[in-house]
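Have a look at the structure below, then the notes.
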């Protein structure tokens, strides 16, 4: 009973944060709503028993990436957004789009297809120490993709450095 | 353990830990004023109580009674949220810190851990355990605490506060990397993320039996470089001198909390000191053997039982004293020096330390 209540609680906060993120006019409110979404996602991971993923979610997304977002918003002193013609078109197309997407998702989930798989509250606990599992997957099974991704990120960092240090001629 | 017992134990522990923690915070401010005073050849507080010992109480009363100002044109919601966020996040991280082995409760026949989130020992497993991501939780909660400072500065609608907040976020993001990486060496040697197990691996001596058997099995000895990096990064994370640029009073009035008064200011103040205690706790747990220390068999039984907690508190006290000592000794860094020190010196050093440690760990395995 308790896990279900916790799941519904954090899921509700997550969805509310996501909706608030879109509805808010001011960038800083939107960014903070995204932080709420990230934090409640971390709580959902914890409920699954994936405590390592939950902790990393908070450290990386809520703690590092979103702090950078807020930092940039503060630095540029970005004000409230205005509604333009383009955003009205997006509303007309986006509304039905969301409805169709949610419908397809609902249909897939309620069909209970085995191909999607099922998550259970605390389902990851039985499979042993989370951190060890993630580590052995990353460094044994998926070593090459992991290393290639690291190189990719390194290239992106170097690109950023080159762009930032280019002198205006 | 049934739910009622669990809830009672949890509430008692939370109340006790927060009471002791906040008292510790209050008397750290007293200690700071006293020690800084002596370093600068003055007396510090002397008027309120013997040795000025009641000064923290007087300060507390003053904070509560002061007018709570909210300036015009601030972002009201975030202005009120920011100090709450800062204090709550600093208090949460104390919940995973183990203060000692465990305490046998005769009523429930269980060994309850001296830790808010610990799992009590059962007859099968008499030793208490704790969550195996304790350290990551502290890092995560600390990184959320940045929002308290950042939002305080932004919502104040004042240029000094905004500059302080910008400095704070940039500084904390930069030093978080070095802080996290400095802990990796210890984690590789201990092989776990659970704070309780990390402490347990530090029992005993590095050279058992030999003439050097008094050298404890603390990770400070093989990981002294990591400890240096951790200490520097922790000072920067807690915005203390020599890294107190977010609130540099000679440049920014008071930095991110310029516009705050009364209890809201006190909450930032408390958050800063609680954070200092937390990073001292982590340093003690990871580098200085936590609650392990020499046993003193001549003491009475009651003190013997409390000895681990006393050792733990003594180590924390040493760290707090060093904090104050450094504040009284070192000048503030310039901003470009701060960034260069973090990115060009501490970060490469931390990575080199990880590489060397992992090579040695792999060679010995």
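Just so it is clear, none of the values below were taken in a lab; they were calculated from the coordinates. Please read these numbers as outputs of a predicted model, since none were measured by experiment. Ideal geometry is used to build each Cβ from the backbone, glycine not excepted, and the neighbour counts take in all protein chains shown.
For the reader, a short list of remarks on this structure follows.
- Across peptide B:168-174, the mean count of Cβ atoms from other chains lying within 10 Å of each residue's own Cβ comes to 3.
- Crossing angle, helix B:55-65 versus chain B [Cα axis fit, 0-90 degrees, rounded to tens]: 50 degrees
- Residues in the stretch B:248-273 reached by a label modelled at residue B:42 [backbone nitrogen below 18 Å; 7 Å Cα→Cβ]: B:249-250
- Sorted by Cβ neighbour density within 10 Å, fewest at the top, the residues B:279, A:22: A:22, B:279
- Pairwise FRET efficiency - residue A:141 versus residue A:20, Cβ, R0 = 35 Å, nearest 0.05: 0.35
- Taking the C-alpha atoms only, the angle from helix B:159-190 to the longest principal axis of chain B is near 10 degrees.
- Sequence of B:68, B:130 once ranked by neighbouring C-beta atoms within 10 Å, starting from the fewest: B:68, B:130
- Counts of other chain beta carbons within 10 angstrom of each beta carbon in peptide B:63-70 average 0.
- Exposure proxy shown here: for B:158, B:280, B:169, A:165, the number of other Cβ atoms within 10 Å sets the order, fewest to most, as A:165, B:158, B:280, B:169.
- Distance in nm between pseudo-label sites at residue B:53 and residue B:225 (7 Å out along the Cβ direction from Cα): 4.6 nm
- Shielding of A:49-62 by partner chains, average beta-carbon count, 10 Å: 4
- Label zone at residue B:201 (point 7 Å along Cα-to-Cβ), backbone N below 20 Å, the stretch B:322-365: B:350-365
- Cα-based equivalent ellipsoid, chain B: semi-axes from gyration tensor eigenvalues, Å: 34, 26, 21
- Each Cα pair under 8 Å and six or more residues apart adds its separation to the average, and for chain B the resulting relative contact order is 21 percent.
- Distance from the stretch B:2-33 to the stretch B:332-363 (C-alpha centre basis), Å: 35 Å
- Gyration tensor verdict on the protein assembly as shown (Cα atoms; rounded if a/c is under 1.5, prolate if a/b is larger than b/c, oblate otherwise): rounded
- Relative protection proxy for B:228-237, B:354-363, from highest mean packing down: B:228-237, B:354-363 (other beta-carbon atoms within 10 angstrom).
- Cα gyration tensor shape for the stretch A:2-128, rounded if a/c is under 1.5, else prolate or oblate: oblate
- With respect to chain B, whose longest principal axis is taken over its alpha-carbon atoms, helix B:347-364 is tilted by about 10°.
- Global geometry of the stretch B:140-242, whether rounded, prolate or oblate, following the gyration tensor of its Cα atoms and the 1.5 cut on a/c: prolate
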